[in-house]
Every structure is written in C-alpha cells, then in structure tokens.
C-alpha cells in the first residue's frame with residue numbers, strides 16, 4: 001500500500017482480517033495496520049459496530065493459524081483481549097490441533113479469496129494502491145463474495161430466485177451492481193475509482209470461475225450419475241454476466257443422446273420481466289435444485 005508523504009510517497013504494509021458468519025455464510029473484511037493487540041481490538045470493534053455484537057468466535061489451530069494467533073496475540077491467555085471479550089459477552093473457541101477440517105466452512109472461503117487476491121496483487125505489483133483504494137476494493141470483494149448463491153428459494157418455476165448472504169444481511173433482493181463502463185487493465189493507471197473497479201472486475205471473473213467449480217465437482221465417472229431433467233433449477237455459467245449477477249434458469253427440455261445421456265438442454269430464464277430460452281451444454285450449467 002502507498003501513502004502520500006511530504007516528500008512524495010512511501011510504501012507501508014496492510015493486513016486483512018476476514019470474518020465469516022456461520023449462520024448466513026456472509027463475509028466481512030477489515031484492514032489493519034499492524035499485527036498488534038490494539039489493531040485487532042479496533043478491527044473487532046469496527047466489525048461489531050457495523051454487523052452487531054457476536055456471542056461466539058471460532059478459529060482454527062492449524063500451524064499457520066497458531067502462528068498468526070501468536071503474532072496477533074489472539075488467545076485466551078491475552079488478558080487485554082480476554083477482558084474485552086468478556087465485557088462484550090463474547091467467547092473465543094479454538095478448534096483442536098491438527099483439525100483444520102473442522103473449520104471447512106470458513107477455510108474454503110478464505111482459501112479461494114486469498115488465492116485470487118495473491119495472484120491479482122502479484123500481477124499488479126507495479127501499481128501502487130493507496131489506503132482508500134485498498135479499503136474500497138476490499139468492500140467490493142465483500143459485495144462479490146456475499147452475492148454468491150446459497151440455495152434456490154423460489155417456488156415459482158418461471159422466476160427462480162436465489163438466496164444469498166447479502167439478501168440475509170440487507171433484506172434486499174438485488175445485489176450491488178457495477179457502475180457502467182468497461183474497466184480494463186489500462187484503468188489501473190487512471191483515476192482511483194476506475195482503478196478500484198478494474199480490480200473488482202478482475203476479482204469477479206476469477207471468483208466466479210473458482211466458486212462455480214466448487215458447486216459441481218467432476219470426479220472420474222466410476223458410477224452412474226442422474227441426468228439433468230426437465231424442471232431442474234440451474235445456474236448458468238455466463239461469461240458475459242455482469243458483476244454480482246448469477247443468471248438462474250429452469251430446464252424446459254432435454255436432448256438425450258443415443259446412449260441415453262443428456263448432454264444439452266434448453267434453459268428458460270426471466271430477465272427484466274422477459275422470458276428467454278437458451279440452448280446450453282450441461283457443462284455450462286450447475287444444477288442447484290433437482291426436480292425430484
């Protein structure tokens with residue numbers, strides 16, 4: 001991160017603290033300036049002020065998390081943090097050692113987001129990000145992650161809706177849309193708000209590819225899998241979809257091959273009140289709710 005000084009500009013380091021809710025699966029990211037108790041308490045206070053107080057905090061005891069907790073002094077032996085949590089009626093629970101699988105619900109989100117951010121920031125190493133740009137970009141990352149589909153909730157086959165963490169947090173059906181315009185890599189050296197949008201679009205494209213692959217695993221075909229059927233609610237892998245848009249559809253027709261396998265289907269989607277039917281291969285859809 002770059003900060004302006006009287007003599008020009010100076011580089012300084014920032015850390016990101018990621019919270020994920022076990023109930024709504026929402027994500028909240030806070031930037032901290034140092035790995036100290038004071039910075040952590042300030043970040044925790046900001047989190048509680050925005051999202052409300054939490055009664056239980058959980059974290060892993062993997063070697064990397066234990067090392068980070070020692071650096072941050074996030075443990076029950078730290079009297080300052082223990083006193084602060086007790087005053088807020090909050091408790092901290094660590095998973096057993098060597099049991100990273102017990103934190104799978106947050107490990108997956110942290111892992112995917114961190115891999116994308118690491119790759120992006122390495123590619124943009126020559127671009128200096130100010131604290132304002134970095135904090136705005138983290139807010140865009142939160143919006144993208146919280147707009148991901150959790151489960152299909154609509155009972156109307158003509159207008160399938162999707163439940164997202166953002167919907168549970170804001171009580172609003174629509175997600176935050178991207179501003180109009182094409183934000184390519186040339187915008188990284190332009191105005192700061194366009195710089196943020198370019199980074200957000202890059203994260204969105206990578207996140208969509210990483211997250212969709214986790215919704216539909218493709219292991220070796222040692223066992224027969226059921227075909228896609230008419231009436232299945234599916235998610236379309238649309239490369240032209242704008243940021244935070246997850247096109248949902250209903251399978252209205254299937255086309256079995258000579259071996260009785262369905263490899264292409266017709267999907268009906270409703271956008272802006274208009275119904276459209278698209279022919280898509282099964283590799284371009286993800287079944288969210290089977291008809292049966």
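The values are calculated or read from the model by the stated rules, or taken from the named source; none is laboratory data. In this text the structure is predicted, and so the values were computed from the model without any measurement. In this analysis, Cβ positions are derived from the backbone assuming ideal geometry, glycine residues included, and neighbour counts consider all displayed protein chains.
Checked against (1) in contact with a helix residue (DSSP H, G or I) (Cβ under 9 Å, 6 or more places away or on another chain); (2) modelled with pLDDT of 70 or more; (3) loosely packed, with under 15 Cβ neighbours inside 10 Å; (4) not in a helix (DSSP H, G or I), residue 45 passes all but a single condition, namely (4). Filtered by the rule that a residue be modelled with pLDDT of 70 or more and either surrounded by 14 or more Cβ atoms within 10 Å (Cβ to Cβ) or part of a helix (DSSP H, G or I) (or both), region 179-193 gives 183, 192, 193.
So is residue 94 assigned to a helix (DSSP H, G or I) and either at pLDDT below 70 or surrounded by 14 or more Cβ atoms within 10 Å (Cβ to Cβ) (or both) or not? Against the criterion (assigned to a helix (DSSP H, G or I) and either at pLDDT below 70 or surrounded by 14 or more Cβ atoms within 10 Å (Cβ to Cβ) (or both)), residue 94 does not qualify. Condition (residue is part of a loop (DSSP other than H, G, I, E, B), more than 21 Å from residue 148 (Cβ to Cβ), at pLDDT below 85 and out of contact with any helix residue (DSSP H, G or I) (no Cβ under 8 Å at 6 or more places or on another chain)) applied to region 264-284: is it met by at least one residue? Looking through region 264-284, at least one residue is part of a loop (DSSP other than H, G, I, E, B), more than 21 Å from residue 148 (Cβ to Cβ), at pLDDT below 85 and out of contact with any helix residue (DSSP H, G or I) (no Cβ under 8 Å at 6 or more places or on another chain). A search for C-beta distances below 6 Å between a residue of region 281-292 that is within 14 Å of residue 162 (Cβ to Cβ) and any residue that is assigned to a loop (DSSP other than H, G, I, E, B) and modelled with pLDDT under 85, counting only pairs 6+ apart in sequence or on different chains, returns 286/216.
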